Amino acid sequence: MSPREPRAPRPRRQRGAQESLGAVVLGFESIVVFLGGLVVYGLKVLPAGIEPWWGIVGGVVLAVAMVAVSGLLRHRWALFAGWALQVILLLGGLLVPALAVVAVIFGGMWAYATIKGAALDRRNARHAADPDLSNGE
């Protein structure tokens with residue numbers, strides 16, 4: 001191969017439905033969590049004794065963690081890390097009840113993405129193993 005010939009691109013890794021759906025949920029949730037941190041700071045709704053700037057810190061840390069986990073969902077442990085992030089957000093609802101609403105909504109979406117995504121991955125694996133299966137099986 002001469003230096004002028006371009007290399008063939010490396011084939012992309014196949015991503016399953018669980019990984020794709022989970023990444024979408026965590027990606028959008030990270031935006032909402034970051035903006036929620038700004039709202040907590042701006043409205044100064046944290047209990048007395050907790051400085052308002054902790055709202056920004058918490059929102060940024062949780063949002064960055066969600067983005068990081070969304071990129072690592074090919075690993076099984078990242079699914080558990082995603083569940084842990086949902087629990088942390090729900091615990092934030094003890095300080096600011098509006099965060100509990102966000103946690104319930106995105107927690108439901110995360111549950112759907114992980115459970116239904118895994119079912120779709122199993123079905124796709126069955127169809128890949130036996131292409132004679134009809135579409136309804």
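So the values come out like this:
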| item | result |
| --- | --- |
| Residue match in the stretch 93-103 (condition: under 21 Å from Gln18 (Cα atoms) and surrounded by 12 or more Cβ atoms within 10 Å (Cβ to Cβ)) | yes |
| Subset of the stretch 85-137 (residues that are outside any loop (DSSP other than H, G, I, E, B) and of a type in the set (Val, Ile, Thr)) | Val87, Ile88, Val101, Val102, Val104, Ile105, Thr114, Ile115 |
| Contacts under 8 angstrom Cβ, first residue in the stretch 64-90 being closer than 21 Å to Val104 by Cβ, partner part of a loop (DSSP other than H, G, I, E, B), 6 or more apart | Leu79/Leu73; Ala81/Leu72; Gly82/Leu73 |
| In the stretch 51-96, the residues that are of a type in the set (D, E, K, R) and either modelled with pLDDT of 95 or more or touching an Asp or Glu at 6+ places or on another chain (Cβ under 9 Å) (or both) | Arg74 |
| Any hit, the stretch 17-36, residues being on the phi < 0 side of the Ramachandran plot and in a loop (DSSP other than H, G, I, E, B) | no |
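The values are calculated or read from the model by the stated rules, or taken from the named source; none is laboratory data. Fair warning: this is a prediction, and the values are worked out from it, not measured in the lab. Note that we place each Cβ from the backbone using ideal geometry, even for glycine, and neighbour counts take in every protein chain shown.
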